[in-house]
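Input: a single structure, listed below in C-alpha cells.
Readers should treat all values here as calculations from the given coordinates under stated rules, not as data from a laboratory. Quick caveat, the model's predicted, so the values are computed rather than measured. Using ideal geometry, Cβ is built from the backbone for each residue, glycine included, and neighbour counts are taken over all protein chains shown.
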Amino acid sequence: MKTKGKYVFDTSVIVSALLLKDSKPRRAFDLALDHGVILLSLPIVKELNEVLSRSKFDRYLLREERECFLSGLVLEAVFVEINEAVKACRDPKDDIFLELAVNGTATCIISSDKDLLELNPFRAIPIMNPNEFISLLQSGRR
C-alpha cells in the first residue's frame, strides 16, 4: 500500500487556488487533497489570514468566503509543530515553508516563488511549481 503524500503549498499558490477555480494551482491543490494531506503550521496560517484579509481580493470573493476557505483548510490540513528552525532562503519570509517541509517530513513543496524553486531539492525534498506537481501526480508518482 502506498503512503499518502504530505504536501506544503506556498501562500501564492494557495491564494491562486482559491481565487482561480480553473487554474493550475487549483488543480495542484485538488490533486494534493486527493493523493495525500496538506501540511500547515501556525506561521503559515497567520500569513494566509493576513493575505486573505486584504481588500484587494474583495472583487474576487467576499471576505466571508475567504475566511470560510481558510477555516476549511485548517480543519482539513495536518498541523506540524516547528521544532527545527530553517534559515536557507534568500527571502527570509519564505523560510516558514522550508521549516514546515523539514519538520513535517513533506513529500514535496509546491511553489511559484523563484526564491524557493531555486533551492530544489531542499534536504532531499523536491520543490516544484504547480505544473510539475500535476505532472508528477498524474504520472502515478508522489
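Just a few scattered comments:
- A count restricted to the stretch 94-108 and to residues that are among the β-branched types (Val, Ile, Thr) and free of Cβ contacts under 8 Å to residues at least 60 places away in the same chain stands at 2.
- Only one of the numbered conditions (1) more than 18 Å from Thr11 (Cβ to Cβ); (2) assigned to a loop (DSSP other than H, G, I, E, B); (3) of a type in the set (Ser, Thr, Tyr); (4) over 16 Å from the mean Cα position of the chain (by Cα) is violated by Ser135, and that is (2).
- Extreme residue, nearest to the chain's Cα centre (by Cα), among residues of the stretch 1-52 that are under 20 Å from Glu67 (Cα atoms) and among the polar types (S, T, N, Q): Thr11
- Unique residue being under 18 Å from Ile127 (Cβ atoms), touching a helix residue (DSSP H, G or I) at 6+ places or on another chain (Cβ under 7 Å) and in a strand (DSSP E or B) when the list is Ile96, Ile109: Ile109
- Check on Leu18, touching a residue at least 40 places away in the same chain (Cβ under 8 Å) and buried (at least 18 other Cβ atoms within 10 Å of the Cβ): yes
- Scanning the stretch 6-17 for residues that are touching a Leu at 6+ places or on another chain (Cβ under 8 Å) and among the small types (Gly, Ala, Ser) yields a total of 0.
- The residue that is surrounded by the most Cβ atoms within 10 Å (Cβ to Cβ), counting only those in the stretch 42-87 that are β-branched (Val, Ile, Thr) and within 17 Å of Phe29 (Cα to Cα), is Ile44.
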